[in-house]
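**Q** Pasting a structure below so you can have a look.
The values are calculated or read from the model by the stated rules, or taken from the named source; none is laboratory data. Values in this document were obtained by computation on a predicted structure and should not be read as measured data. Every residue, glycine as well, gets a Cβ built from its backbone with ideal geometry; the counts of neighbours run over all protein chains shown. Just so you know, the surface numbers come from the protein's heavy atoms only, side chains and all, with ligands and any DNA or RNA stripped out. Shrake-Rupley method; radii C 1.70, N 1.55, O 1.52, S 1.80 Å.
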Amino acid sequence: MSRIAGTGRYLPARVLTNHDLERMVDTSDAWIVERTGIRERRIAADGEHTSDMAAAAAREALASAGLSARDLDLILVATVTPDMPLPATAMFVQQKIGARNDCPGFDLSAACAGFIYGLAVADQFVRGGAARHVLVVGVELLSRVLDWTDRSTCVLFGDGAGAVVVSPALGDGRGILSTTLYADGSLAPALCIPAGGSVEPATAATVAARRHFVRMEGSQIFKFAVRALAQATRTAIERAGVTPEEIEHVVPHQANLRILAAVAERCGIPWERFHLNIDRYGNTSSASVPIALDEAMREGRIRPGALVAMCALGGGIAWGGAVVRM
Ligand code: ACO
């Protein structure tokens, strides 16, 4: 078995409030709060890169695990906003934290489910014995791929990074008890950045048509998300051999409070057990679960030994769940 040995996070200093957005697009604080639960989000500074935020979260996670970057055997960076299309952002993170050359790394693209996907991959590497210490970072610099004239998307997202170190379990019952991963590629067009890949390489026309920014059919994903997140969470709980009543904490992807309230009801887990920070950070995609996990651990709201369920869903559509005894 593997365990989460340490957690860390990084959030840029600049705060963008709903009232700031009221001055940018035709929206209102009341609409955003009522429809999503978001009040403010963080925006990276000019010159700050995805790998900078990832490295900052990674350093915190390593320190909390009592490890150095030289101890790492693998680096996984879950992101849809890499430093550049080539090479992997994991390469820049390796350099910035000072990991060894025989510590490989790669990026993992599963949008908001990226951290859960990364956790599942790290779990397999550690269980199988191919690695002892795996760094999993969820990081997004979404502010650079948002259309700041599109009120249906720009109010929802924020920048940030969260990280964990996955290491061998100590035999005390603490560890990653289950992970569940799912995907439904038929819904890919509902959330995508249409241009900038091989389908629509960058041209003056694609830039002028704003096709390098995030596009989302929010209400289509909303309906799917409630059902899928509840099912992934319930299955992860079942596979962990525990019951929903035993789950002490839920650390969910923070996309929409209304989605999460419906998931809580469907899973039969009291709302008070959900750890929420969507009001302060918005949707940080693959960073949202590890940011919320780190916050709850550092503030002592989740204690070592507690039973925690996690779930996330995003572009793809990709989604998944996990149950961890912290
Ligand atoms: N301010 C004011 N009005 C707005 C805004 C805004 N920012 N955005 C949309 N509206 C309007 C729409 O134009 C629409 O107006 P109309 O009725 O006159 O046409 C009305 O509000 C309702 O729009 P809906 O899209 O139906 O609103 P909904 O209640 O579905 O909320 C939201 C939209 C918040 C996006 C919701 O659908 C949602 O959270 N979806 C899921 C998002 C998600 O989970 N994505 C996956 C993760 S992201 C990732 O992977 C990167």
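Each row is one residue, and each column tells you yes or no for (1) closer than 20 Å to residue 144 by Cα; (2) away from the ligand (no atom under 16 Å from the Cβ); (3) in contact (Cβ under 8 Å) with a residue 24 or more places away in the chain.
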site	(1), (2), (3)
80	yes, no, yes
85	yes, yes, yes
88	yes, yes, no
92	yes, yes, yes
98	no, yes, yes
101	no, yes, no
104	no, yes, yes
114	yes, no, yes
118	no, no, yes
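**Q** Hey, another quick one. If you go through segment 20-53 one residue at a time, how many are in contact with a helix residue (DSSP H, G or I) (Cβ under 6 Å, 6 or more places away or on another chain) and in a helix (DSSP H, G or I)?
**A** 4
**Q** Okay, moving on. Suppose we keep only residues that are out of contact with any His (no Cβ under 9 Å at 6 or more places or on another chain) and open to solvent by less than 10 Å² (accessible area, probe 1.4 Å) within segment 164-177. Which one would you say is nearest to residue 68 (Cα to Cα)? Write out each step before concluding.
**A** We begin by selecting, within segment 164-177, every residue out of contact with any His (no Cβ under 9 Å at 6 or more places or on another chain); these are 164, 169-177.
Within this subset, residues satisfying the condition of being open to solvent by less than 10 Å² (accessible area, probe 1.4 Å) are 164, 175-176.
Values: 164: 13, 175: 21, 176: 22 Å.
By that ranking, first place goes to 164.
**Q** Within segment 252-283, how many residues turn out to be part of a helix (DSSP H, G or I), in contact (Cβ under 8 Å) with a residue 12 or more places away in the chain and within 16 Å of the ligand (Cβ to nearest atom)? Steps first, answer last, please.
**A** Step one: of segment 252-283, the residues part of a helix (DSSP H, G or I) are 257-267, 271-273, 278-281.
This time we only want the ones that are in contact (Cβ under 8 Å) with a residue 12 or more places away in the chain, so: 257-260, 262-264, 266-267, 273, 278-281.
Next, from what is left, pick out any that are within 16 Å of the ligand (Cβ to nearest atom): 257-260, 262-264, 266, 278-279, 281.
Total meeting the criteria: 11.
**Q** Oh, and also: Which residue is nearest to residue 85 (Cα to Cα), if the candidates are limited to segment 1-42 and must be open to solvent by less than 50 Å² (accessible area, probe 1.4 Å), within 16 Å of the ligand (Cβ to nearest atom) and among the aliphatic types (A, V, I, L, M)?
**A** Here the answer is 16.
**Q** The conditions are (1) in a helix (DSSP H, G or I); (2) modelled with pLDDT of 95 or more; (3) within 16 Å of the ligand (Cβ to nearest atom), and residue 223 fails exactly one of them. Which is it?
**A** With respect to (1) in a helix (DSSP H, G or I); (2) modelled with pLDDT of 95 or more; (3) within 16 Å of the ligand (Cβ to nearest atom), residue 223 is out only on (2).
**Q** Taking strands (runs of 3 or more DSSP E) that fall entirely within segment 54-163, which contain at least 3 residues that are open to solvent by less than 10 Å² (accessible area, probe 1.4 Å)?
**A** Numbers: elements: 74-78, 105-108, 134-140.
Once the strands (runs of 3 or more DSSP E) in segment 54-163 are filtered for at least 3 residues that are open to solvent by less than 10 Å² (accessible area, probe 1.4 Å), what remains is 74-78, 134-140.
**Q** Every residue in segment 297-316 that is of a type in the set (Gly, Ala, Ser) and outside any loop (DSSP other than H, G, I, E, B), please. Before you say what the answer is, go through the steps one by one.
**A** If we filter segment 297-316 for residues that are of a type in the set (Gly, Ala, Ser), which is where we start, we get 300, 305-306, 309, 312, 314-316.
Selection gives 309, 312, 314.
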